[in-house]
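Below: the structure, in structure tokens.
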Amino acid sequence: MQNNLITDRPIIFFDLETTGVNPLTDRIVEISVLKVHPDGTRQVRTRRLNPEMHIPEEASAVHGIYDKDVENEPTFRQISKNLFIFFEDCDLGGYNIAKFDIPVLTREFSRAGLVFSTANRRIVDAYTIFCRMQPRNLSAAYKFFCGKNMQDAHSAEADTLATFEIFEGQMQMYSSFTKEMLPEDVEKFPETLDELHQFCQQNQMTAIDPEGRFRWKNGEAVVAFGRNAGTPLRTVAVENPDFLRWVLRSDFSEEVKKIASNALKGEFPVKES
């Protein structure tokens, strides 16, 4: 690839692990960079960082990095100058970096007194390429599963007939998938209409709130996200109430916050029989 695309200067592909998903306030806990030079040589560097703030449980559940793991690591400010030089005169690449990683990195440099700019840098985003090349709309699905272009797209009859053809194509394709080819949470692809119904309704059937943050498991409310995923809400309320207090302070829906608030008072959802 480097012979065709990377010809005049290096490109850096990078990824960040952070304390959360808000590019304005959250901080970097790990950064990994891959610098690819025009001659094909590559440099890989990965560094954990002390974010100078508590890493929320939900974030740690995603990347596996906890406060104790970074308490003795340098801060971003301490490595900022060397990192800034490393990025100098380089194009940028990554996965969904335009919406998240670049804003976070820019803000971290700003806190360290450095102006990181994307001006005159070419940016390639594998996520954007994926979405442009494989859009998730009816016409794209028809092309993928049926191998032909839709005629009269957005007319009710054409959309209906195309949807059924897509369904037939899905049945043919996915029924041949081996266990290794299936997503981790799918034991086997449904074989009957009853199984397909359960498959399509699974998330809605167990969710207590619209976001599915709390779910029913064996008739009891359990936490469905973060480090406490799968733990009964009653247990979390007693053994880890700070988690529920964090939910109340964070950007969750009112339904989720009400469940957390009630649990702290000893009031828990009751599943209707």
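The values are calculated or read from the model by the stated rules, or taken from the named source; none is laboratory data. Computed from a predicted model, the values in this text were never measured in an experiment. Counting neighbours? That spans all protein chains shown, and the Cβs are built from the backbone with ideal geometry, glycine included.
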In segment 100-115, anything touching a residue at least 24 places away in the same chain (Cβ under 8 Å) and within 25 Å of the chain's Cα centre (by Cα) is listed as PHE100, ASP101, PRO103, VAL104, LEU105, ARG107, GLU108, PHE109
Considering segment 33-82, residues that are β-branched (Val, Ile, Thr) and assigned to a helix (DSSP H, G or I), and then whichever is nearest to TRP246 (Cα to Cα), we arrive at VAL62
ask   = Do the conditions hold for GLY226, that is, is it of a type outside the set (D, E, K, R), within 27 Å of VAL21 (Cα to Cα) and within 19 Å of the chain's Cα centre (by Cα)?
value = yes
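Among THR19, THR41, which is free of Cβ contacts under 8 Å to residues at least 60 places away in the same chain, among the polar types (S, T, N, Q), surrounded by 11 or more Cβ atoms within 10 Å (Cβ to Cβ) and assigned by TED's automatic domain parsing to the domain that holds ILE97?
Every option except THR19 fails the conditions.
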> GLU168: outside any loop (DSSP other than H, G, I, E, B), modelled with pLDDT of 90 or more, closer than 30 Å to ILE12 by Cα and among the charged types (D, E, K, R), yes or no?
Replying inline: no
- request: Consider PHE144 carefully, then state whether it is touching a Pro at 6+ places or on another chain (Cβ under 7 Å), of a type outside the set (Gly, Ala, Ser) and at pLDDT below 95.
  value: no
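Yes or no, residue by residue, for (1) in a loop (DSSP other than H, G, I, E, B); (2) out of contact with any Cys (no Cβ under 6 Å at 6 or more places or on another chain); (3) within 30 Å of VAL256 (Cβ to Cβ):
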position: PRO135; (1), (2), (3): yes, yes, no
position: PHE164; (1), (2), (3): no, yes, no
position: GLU184; (1), (2), (3): yes, yes, yes
position: LYS188; (1), (2), (3): yes, yes, no
position: GLY212; (1), (2), (3): yes, yes, yes
position: ARG227; (1), (2), (3): no, yes, yes
position: ALA237; (1), (2), (3): no, yes, yes
